[in-house]
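Student: First the structure, which I've put down as structure tokens, then a few questions once you've had a look.
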Amino acid sequence: MSNPQATPDPTTSEWNEFSFVVQMPHLAPGEKLSEVEFLKIIAAYQWEAIARVLNRRPSKIVSDHNERLYGSVLDTELCFSQGYGLERLGEDAVIHIRNRVRFFAKKFVEGFFLIDDKPIPDACLAGVTSRDDLPGVGLSWACMTNAFIARAGGNIRLKVFKPAGVDELDIPELEQAPFGITEQGRVQSSGRIDPLGGEEDCTPLVPISAEPIIYPIVPESDLNGAGLVYFARYEAMMNYGERLFLMDRLERPTSMDLVSCLSTEHRRVFFFANASPSDDVIVHVDARLMKRDHFEPQLVDRGYRTPFKLFFRIDLYRRSDNTLMASSVVRKALNVPGGHKAVIAEAERLLRRLDPSG
């Protein structure tokens, strides 16, 4: 679908339209949409959009040497609009997604996503010509940058290729490298990720133990069909690290019930390396707490209370050689259903310990 009144963007494909019904396999504890499962879904939609531009099925995207190519993810950013968090997107919700892709150097693809629980009209798409335009639409949104890669004898060495026959196709291309490529290189070299906003009002959560958090790669759940550690599982490893940090590394650890009420609002993540199935991942966690007087409540009308929000900075390292695999910043809200009085009380105790005068 396209808006006939919009000026066509010569560097991009048409907007695609996808939708799915949230069912139990898509849910996380608390009966809210799982961020990890949702990332898998939008990645599949992006690969489908790429296949449509290349005019072949995803399984037929190969190099000139007939090697199967995969869409390695360089970066993702996911942001839920105010009041449209993972809790709203629960079981039986119909999620509508508009997506389009832009190619660069015939080896990379940048994709945009607009997300809502009702159909997204073409009028919302007319002004979206760059990644910077997405927040202004007022819907939930995401970005993803892919590289066409093939394995070179294992998961450690991955090579970037152009798909076979792409030079014969009339594919519009970006003249400059998209944000995901340039920013990934900058983050990898400097270690700095631009803040999401609000971190300056936060209180650090200081761990009492310097013992590293180790995640053993589980081939049955962490590898995709190509035998690579799948990008969405990196976020699962990050969630694992956050949980252990909050439940095992603080002077007064939090409960599992409290951790289950954390809900992603905005995540920015960059990917740098894969790992072999027999390796482990070291998860480095930095956590900061934002008190409720520094943000507007969002889910009060739906029976939720949000005592605080947490900012996490997560870095994943391959244990075998200490190679940096991924870095992320994420803001999560503690959205507690009104009936969960024990979690609300626990959150209040944590706030008083951090700021007895508050």
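Student: Identify, by number, the condition in (1) of a type in the set (Phe, Trp, Tyr); (2) part of a helix (DSSP H, G or I); (3) within 14 Å of Val73 (Cα to Cα) that Phe148 doesn't meet.
Tutor: Against the list (1) of a type in the set (Phe, Trp, Tyr); (2) part of a helix (DSSP H, G or I); (3) within 14 Å of Val73 (Cα to Cα), Phe148 comes up short only on (2).
Student: Okay, next question. Quick check on my filter: what residues within region 316-343 are under 20 Å from Glu265 (Cα atoms) and crowded, with 18+ Cβ neighbours inside 10 Å?
Tutor: Those that are under 20 Å from Glu265 (Cα atoms) and crowded, with 18+ Cβ neighbours inside 10 Å: Ala326, Ser327, Ser328, Val329, Val330, Arg331, Lys332, Ala333, Leu334, Asn335, Val336, Val343.
Student: Among the residues of region 306-323, which ones are within 17 Å of Leu250 (Cβ to Cβ) and either among the β-branched types (Val, Ile, Thr) or without any contact (Cβ under 8 Å) to a residue 12 or more places away in the chain (or both)?
Tutor: Across region 306-323, the qualifying residue is only Ile314.
Student: May I pose another question? Return yes or no: is Ile120 in contact with a strand residue (DSSP E or B) (Cβ under 6 Å, 6 or more places away or on another chain) and more than 19 Å from Gly180 (Cβ to Cβ)?
Tutor: The answer is yes for Ile120.
Student: Then there is this: Out of region 232-268, which residues are among the hydroxyl-bearing types (Ser, Thr, Tyr), over 19 Å from Ile193 (Cα atoms) and touching a Gly at 6+ places or on another chain (Cβ under 9 Å)?
Tutor: Ser260, Ser263
Student: Something else now. Just to be sure I understand, how many residues within region 80-108 are crowded, with 20+ Cβ neighbours inside 10 Å and in a strand (DSSP E or B)?
Tutor: Residues that pass the stated criteria total 9.
Student: Could you please tell me which pairs satisfy a Cβ distance under 6 Å, a separation of 6+ or placement on different chains, a first residue in region 151-166 that is under 18 Å from Leu228 (Cβ atoms), and a second residue that is among the acidic types (Asp, Glu) and modelled with pLDDT of 75 or more?
Tutor: none
Student: Hey, another quick one. Based on this model, can you work out whether Leu223 counts as in the same structural domain as Val281 (by TED's automatic domain parsing) and more than 30 Å from Leu350 (Cα to Cα)?
Tutor: For Leu223, the condition - in the same structural domain as Val281 (by TED's automatic domain parsing) and more than 30 Å from Leu350 (Cα to Cα) - is met.
Student: Output the helices (runs of 4 or more DSSP H) that fall wholly within region 177-262 and possess 1 or more residues being surrounded by 15 or more Cβ atoms within 10 Å (Cβ to Cβ) and of a type in the set (Val, Ile, Thr), or say none.
Tutor: Filter on region 177-262 gives 179-190, 256-260.
Student: Take the conditions aliphatic (A, V, I, L, M) and within 20 Å of the chain's Cα centre (by Cα) and apply them to Met256. Does it pass?
Tutor: no
Student: Checking Arg151 against (1) under 20 Å from Ser328 (Cβ atoms); (2) surrounded by 15 or more Cβ atoms within 10 Å (Cβ to Cβ), only one condition comes out false. Which one?
Tutor: Arg151 satisfies every listed condition except (1).
Student: Can you give me the number of residues within region 276-304 that are surrounded by 19 or more Cβ atoms within 10 Å (Cβ to Cβ) and at pLDDT below 95?
Tutor: 5
Student: Can you go through Ala333, Ala347, Ala326 and tell me which one is in a strand (DSSP E or B), touching a residue at least 12 places away in the same chain (Cβ under 8 Å), in contact with a Lys or Arg (Cβ under 9 Å, 6 or more places away or on another chain) and not hydroxyl-bearing (Ser, Thr, Tyr)?
Tutor: Matching residue, one of Ala333, Ala347, Ala326: Ala333.
Student: Every residue in region 263-275 that is out of contact with any Lys or Arg (no Cβ under 6 Å at 6 or more places or on another chain) and either within 20 Å of Gly227 (Cα to Cα) or surrounded by fewer than 20 Cβ atoms within 10 Å (Cβ to Cβ) (or both), please.
Tutor: Within region 263-275, Phe271, Phe272, Ala273, Asn274 meet the criteria.
Student: Also: Tell me whether region 190-212 contains one or more residues that are within 21 Å of Cys143 (Cβ to Cβ), modelled with pLDDT of 90 or more and over 19 Å from the mean Cα position of the chain (by Cα).
Tutor: The answer is yes, given that some residue of region 190-212 is within 21 Å of Cys143 (Cβ to Cβ), modelled with pLDDT of 90 or more and over 19 Å from the mean Cα position of the chain (by Cα).
Student: Which is of a type in the set (S, T, N, Q) and within 18 Å of Lys40 (Cβ to Cβ), of Thr129, Thr145?
Tutor: Sole residue among the options that is of a type in the set (S, T, N, Q) and within 18 Å of Lys40 (Cβ to Cβ): Thr145.
Student: Further, regarding this structure: So for region 143-156 (the condition being under 25 Å from Ile97 (Cα atoms) and not hydrophobic (A, V, I, L, M, F, W, C)), does at least one residue qualify?
Tutor: Yes - at least one qualifying residue is present in region 143-156.
The values are calculated or read from the model by the stated rules, or taken from the named source; none is laboratory data. Note that the structure is predicted; figures quoted are calculated from it, not measured. With ideal geometry, Cβ positions are generated from the backbone for all residues, glycine too; neighbour counts draw on all protein chains shown.
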